[in-house]
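The values are calculated or read from the model by the stated rules, or taken from the named source; none is laboratory data. Remember, predicted model here, so these are calculated numbers, not experimental data. Every residue, glycine among them, receives a Cβ derived from its backbone with ideal geometry; neighbour counts consider all protein chains shown.
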Amino acid sequence: MNAELVMIGTELLLGQIIDTNANYLGEKLAEIGVDVYRKTTVGDNQSRIVDVIRESLGRCDVVICSGGLGPTVDDVTRESIAEVTNSPLIYHEELYRKIFEKLEKRGVKVSENNKKQALLPEGAIKINNPIGTAPGFIKEFNSRYIICLPGVPFELKAMFEETVIPFLCEKFNIQSRLYIRVLKVYGLGESRIDYKLGELLYSSCPTIGLLASPECVRIRLAVKEASQDRAEEILDKMEQKIHERLPGLVLSGENYSLEKEIDRILREKDRFLTIIDGQTAGMVIYRLIQAKAERFLCGEVFSPIGNIEEVKKLFDIRENYLLKFSFAYNLIIYSDPDRKVTNVYLSGKDIEEIHWELPFYGHEERDRVRISVISLEQVRRKLLDIEFKDS
């Protein structure tokens with residue numbers, strides 16, 4: 001089966017709030033094997049909502065709507081569904097009593113317009129809202145289903161998990177689900193990964209997608225199977241092929257990061273890491289601390305380096321670090337704006353000083369993330385003796 005999402009609210013179009021509901025719904029629907037092919041955002045206008053839902057019903061089995069179920073004049077989702085399905089709105093006294101009781105317990109004065117939330121299209125199945133006042137509903141129309149949920153995220157999530165998922169699984173006899181595995185590659189661009197993976201990217205079982213960001217390229221593997229064991233077997237085989245194409249470069253797991261991998265390597269080598277940062281404004285240190293890297297010992301942050309005397313100061317500090325912390329490696333990062341490069345030095349008791357010259361520099365957040373990540377990736381490769389030749 002397949003579904004489309006219709007996110008309702010003028011505030012979404014104006015950029016006044018971020019639409020987190022679509023992200024959540026897409027993720028949860030994928031988990032139960034429902035394909036989502038489109039997401040449409042529409043303002044609080046009944047005629048436009050009607051047009052969008054009619055279009056969606058012509059393409060999919062289920063339309064899931066979020067928003068427009070409040071008590072105010074611009075909450076017109078109920079009226080829109082009633083128009084689409086040629087169904088009158090029916091007032092449900094028992095729904096209003098529940099709304100009244102919830103508001104009364106919270107000390108909120110009940111207004112006449114709250115009765116609007118007790119209106120549902122004729123024949124609709126109500127969805128209980130365990131948190132808020134606005135009930136949702138499911139309306140069947142021409143063997144297809146329109147599911148309407150409130151726009152408040154924590155209300156929507158509770159209703160979706162408690163009612164909508166069981167409904168969809170039973171109604172459409174859903175047996176399989178989507179299994180996703182995320183691999184990460186640091187320090188290699190999306191186009192090069194695309195080239196290296198070649199024909200693997202055309203696989204249909206599992207499907208493979210690339211997602212680039214300033215820190216890494218994520219390789220998403222996805223397969224729909226009824227059996228988790230079978231799904232894991234398929235994903236394992238494809239992951240092995242990807243490791244063979246990108247030897248030593250692939251980290252597995254959405255929640256596993258470069259910083260955690262460096263921490264693991266340092267622990268294995270019984271070493272720590274100190275950092276002297278004259279380029280990323282503390283970004284490289286922040287990333288290690290955020291990852292709870294226990295083997296990051298300490299560091300210092302300096303303003304961007306302006307002359308040779310300031311560079312010498314960094315290396316003098318490094319010598320003190322190496323004497324004081326003989327059990328730690330040291331990493332220095334600073335830029336050379338005249339040559340438009342970033343210098344990275346790694347040194348320690350049991351390794352010779354290594355110098356990398358990164359062919360870019362900059363002080364915007366995107367630049368600082370990129371420099372931090374590639375510097376740490378160079379450290380990881382060196383500590384594991386990985387020599388990747390990008391040919």
Does segment 182-192 contain at least one residue that is among the basic types (K, R), in a strand (DSSP E or B) and not assigned by TED's automatic domain parsing to the domain that holds D74?
-> yes
Residue count, segment 55-79 (criterion: surrounded by fewer than 17 Cβ atoms within 10 Å (Cβ to Cβ), farther than 24 Å from M1 by Cβ and not aliphatic (A, V, I, L, M)) = 2
Go over the candidates E239, E254 one by one and state the one that is more than 25 Å from N320 (Cβ to Cβ), out of contact with any Gly (no Cβ under 6 Å at 6 or more places or on another chain) and free of Cβ contacts under 8 Å to residues at least 60 places away in the same chain.
-> E239
Can we say L376 is outside the structural domain of Y186 (by TED's automatic domain parsing), touching a helix residue (DSSP H, G or I) at 6+ places or on another chain (Cβ under 7 Å) and of a type in the set (A, V, I, L, M, F, W, C)?
-> yes
Only one of (1) within 21 Å of the chain's Cα centre (by Cα); (2) over 29 Å from A328 (Cα atoms); (3) at pLDDT 95 or above; (4) of a type outside the set (A, V, I, L, M, F, W, C) does not apply to E261, and that is (2)
Would you be able to say whether some residue in segment 33-56 is in contact with a strand residue (DSSP E or B) (Cβ under 7 Å, 6 or more places away or on another chain), in the same structural domain as E11 (by TED's automatic domain parsing) and modelled with pLDDT under 90?
-> yes
May I ask you to list pairs of residues, at least six apart or on different chains, whose Cβ atoms are under 8 Å apart, with the first in segment 342-356 being in the same structural domain as I305 (by TED's automatic domain parsing) and within 16 Å of F315 (Cβ to Cβ) and the second being in a loop (DSSP other than H, G, I, E, B) and modelled with pLDDT of 95 or more?
-> G348/R271
Of these, R318, R339, R368, which one is among the charged types (D, E, K, R), touching a Gly at 6+ places or on another chain (Cβ under 9 Å) and either touching a residue at least 60 places away in the same chain (Cβ under 8 Å) or not assigned by TED's automatic domain parsing to the domain that holds G189 (or both)?
-> R368
